[in-house]
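Take a look at the structure below.
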């Protein structure tokens, strides 16, 4: 990934020296929808190259946390720092918006339901933002897109439209599309939850390769196998706070809290399926 | 979805004003056009017969340097069977939608084959002539449906069709522009005042937020006003109010002397497009709202700002949603161009009324007009159906 110049906006530059390779820092993050507190003061640091998996029951705030990191949800209070860009949440104005855009440029995001642009072909989906946001020449963007599609195993689908692809293929295009912006951090919001069980494997394979290549990733998922094999750290969230965190072995092997035990027992009993009852109950084999 | 800023609105209003003023100027900008004779009576099978007393020449008015170039009765001449009648009484009526010169006061012409020739000469010396032979068939009288009249005048009435289509297409394009702006304005309200207060608890922010809602209120006023008053009334207001406004301005600023009065067609296009724009606003609003929120989020997550996300991601999808509805509005618009007959736009209905008035038989030309409208709508419905099928096929393929 190309290094981006350090910029600090809407905030006094960090008073305490950041740890050597810290990429993401979230401090005292609060988010409420109306009167409902979803995040209650989250603190999170992610090192460069680290893969963090967020686990937790439905409504525990893990997706919201992920979406707050690139400001698809606006947190009310707290501080978010990605790369060299620091944003104090709850402020507004030009500097704030600039900083938000800068954070988004540093993050790639993969959604549960893909959100590919249906009116564009696969290649057009991938080159859209590099051309119109990053100002990359079309020819360069196309070459880059071809390489990325190769990387996710979809070279032969370059001219297809999203509607002509299976769910797993769509999700892999979405990953390629996010990578095309050369992000420093990849956010995965339940990337396999909307997929048929037999299509999950390909997507997880791409994610594993990505992790192996040193990409920093924050993943919301219910794929315990993926968490065990790939994650450097697993975090269990409940009711807007971090309940427990540690290496996957620690967390899955000897959870400390009663709630963690209940949750993990549920997941393991269901053979790794999602705790949410909606559409995903027989989703899954553990890869 | 904050797409329109107040500064942008000011700019757009300015552009719209300039456009509205440029339109009539464009419509009247033309060089020299000689008079052209549309028809001359007596003609074969005249339903009322010919009394042998008058000759009427109907023509399209001439233009000289873009201005009406009046026919001079004194220079214009009539020949009957080779004999010139310079002393004939000439009555001239000239109007943008049809002019005529009536010759009378010559000795009665005997029934039978008669040769006619007329020459029209304008003030600037442009001329037109026509020679024809008339033979009375002896038929006379007016019937309810006069096929002879219909046949004879079909060509005249159908010449209104291109005008109707021109007006409908022009109004549609403008209506889409107005509708798009209206929809963006309507969608620029992201939260209520109560929510805004809860979010920041700041009077200064409430002030800023009010300013940001200006496009919303403008768009709301626009749709409410133009959907809440009759189209016919709007046509009258635009047609009479704009020249009155220009007059008023001229009394204050000499510069306004260079601003021409809008032509009837330009006024009509403005009125129709403003009215339809009010409805199209709601169509676009629905279309934009029909694009899933995930599409906005994907665009934002990929670094796009609101404006770019709108242009590249949201609007292309919204256009697909609204195309069939816009097609319906276009077909409806073709029929509503007939309302412009009240401000003397020479479209289909106005021409039918002219013919009806001249011969005291309204039924026949109105039936011709109805047939023309019907054929037009069938034609455009057919294309709309094809377009819809294609969109449907694309949607299924997608």
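FYI, it's all coordinate maths here, none of it is from the lab. Since the structure is predicted, the reported quantities are computational estimates derived from the model, not experimental observations. Note: ideal-geometry Cβ built from the backbone for every residue, glycine included; neighbour counts use all protein chains shown.
Things to note:
- For the pair residue A:143 and residue A:77 in one chain, pulling the backbone fully straight at 0.36 nm per residue adds 19.6 nm over the alpha carbon distance.
- Cα-based helix-to-principal-axis angle, B:363-397 vs chain B, degrees rounded to 10: 30
- Beta bridges from DSSP with both residues in chain A: antiparallel share about 60 percent, rounded to the nearest 5.
- Taking the inverse of the mean reciprocal distance over all distinct Cα pairs, the Kirkwood hydrodynamic radius of region A:186-251 comes to 12.6 Å.
- Where only C-alpha atoms are counted, convex hull volume of region B:323-398 per residue in Å³: 71
- Paired Rg and Dmax values of region A:73-156, which use every Cα atom, in angstrom: 16.0, 46
- Between 0 and 90°, nearest 10: helix B:160-186 axis offset from chain B longest Cα axis: 20
- By the count of neighbouring beta-carbon atoms within 10 Å, fewest first, A:89, A:107 end up ordered A:89, A:107.
- Here the simple spin-label model places points 7 Å from the Cα toward Cβ, and for residue B:159 and residue B:123 these points are separated by 2.3 nm.
- Cα centroid separation - region A:31-70 against region A:86-103, whole Å: 19
- Part-to-part distance (alpha-carbon centres) for region A:105-159 and region B:268-334, which is given in Å: 25
- Per residue of chain A, the DSSP helices (runs of n ≥ 4 H) give a summed -39500 (n - 2.57) that works out to -10500 deg cm²/dmol at 222 nm.
- Residue order, fewest to most surrounding Cβ atoms within 10 angstrom, among A:81, A:144, B:386, A:98: B:386, A:98, A:144, A:81
- 34 Å tail of the calculated P(r), chain A, as % of Cα pairs: 19
- Using the empirical formula 2.2 N^0.38 Å as the baseline, the Cα radius of gyration of region B:201-335 reaches a ratio of 1.41.
- Rg and Dmax of the protein assembly as shown, based on Cα coordinates, read 36.5, 123 Å.
- Highest average packing first - B:353-366, B:77-90, Cβ atoms within 10 Å: B:353-366, B:77-90
- Residues in region A:216-260 reached by a label modelled at residue A:40 [backbone nitrogen below 14 Å; 7 Å Cα→Cβ]: A:237-244
- Added length on full extension, which subtracts the Cα-Cα distance from 0.36 nm per residue, residue B:306 to residue B:210: 32.6 nm
- At full extension, residue B:233 and residue B:374 could sit 48.3 nm farther apart than now, given 0.36 nm per residue minus the alpha carbon distance.
- Degrees between helix B:264-290 axis and first principal axis of chain B (Cα, 0 to 90, nearest 10): 30
- Dimensions (Å) - region B:255-370, Cα atoms, principal axes, largest first: 70, 44, 16
- Theoretical FRET efficiency, 1/(1+(r/R0)^6), r = Cβ-Cβ of residue B:389 and residue A:166, R0 35 Å, to 0.05: 0.80
- Label point at residue B:92 placed 7 Å out along Cα→Cβ; residues across region B:60-81 whose backbone nitrogen lies under 20 Å: B:60-79
- Rg and Dmax of region B:354-393, Cα atoms only, in Å: 16.4, 52
- Counting only DSSP beta bridges whose two residues both lie in the protein assembly as shown, roughly 75 percent are antiparallel.
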